Amino acid sequence: MKKIKSKSGVTAIFAAIAVVGLLIVAAAGVRQIRASTTTTAAAAPRLTLDPGQFTGETRQAYTVAEKHPELLAQLDCYCGCEQHEGHKNLLDCFRTMHGAGCDICVGEAVTAGQMYDSGTPVDQIRTALQTRYGHGG
Ligand SMILES: [Zn+2]
């Protein structure tokens with residue numbers, strides 16, 4: 001009798017440990033999810049620089065980049081940065097100060113933004129930029 005009783009006592013302790021263990025795992029999981037959510041929100045990437053720090057056309061260009069990153073990502077930059085800076089598209093020019101010092105980048109972004117806002121399809125915008133800024137491209 002005594003033996004059986006003590007055995008079930010041990011089982012109960014193990015069960016309790018298992019429950020506590022599960023709770024700890026669950027709590028850690030929740031904390032992890034919460035942490036990753038917070039990280040994502042905090043790091044919500046600003047793709048391009050804040051237009052507020054610029055003026056005039058440069059500001060307009062950075063505003064276009066901020067409003068329509070998906071547009072600029074589909075357009076080429078003809079200022080030569082694709083060779084020299086490893087830029088992949090016009091959006092890259094506005095991730096840094098590069099765009100602020102380049103009339104071509106600024107001109108392209110402002111032109112693209114105006115055409116886009118008036119409903120011009122992206123492939124027509126691309127062609128227009130190529131004609132205006134491309135080197136016989
Ligand atoms: Zn550029």
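Assorted remarks:
- FRET efficiency, R132 to A73 (Cβ-Cβ, R0 22 Å, nearest 0.05): 0.70
- Inter-site label distance for S118 and R46 at 7 Å from Cα along Cβ, in nm: 3.1 nm
- A full extension of the chain between E57 and H84 corresponds to an added length of 7.4 nm, given 0.36 nm per residue minus the alpha carbon distance.
- Environment charge at A73 (Cβ cut-off 12 Å; Lys +1, Arg +1, Asp -1, Glu -1): 0
- By the beta-carbon count within 10 Å of each Cβ, the least crowded to most crowded order of D76, D92, D103, D123, fewest first, is D123, D103, D76, D92.
- Net charge of Cβ neighbours under 13 Å - reference R59; Lys, Arg +1; Asp, Glu -1: -2
- If you sort the three axes of the alpha carbon gyration tensor as a ≥ b ≥ c, you get a/c of 1.5 or more for segment 51-133 and a/b no higher than b/c, which makes it oblate.
Only the coordinates and a few stated rules stand behind these numbers; no lab work does. All figures in this text were calculated on a predicted structure; none of them were measured in a lab. Cβ sites come from the backbone with ideal geometry, for glycine too, and all protein chains shown count toward neighbours.
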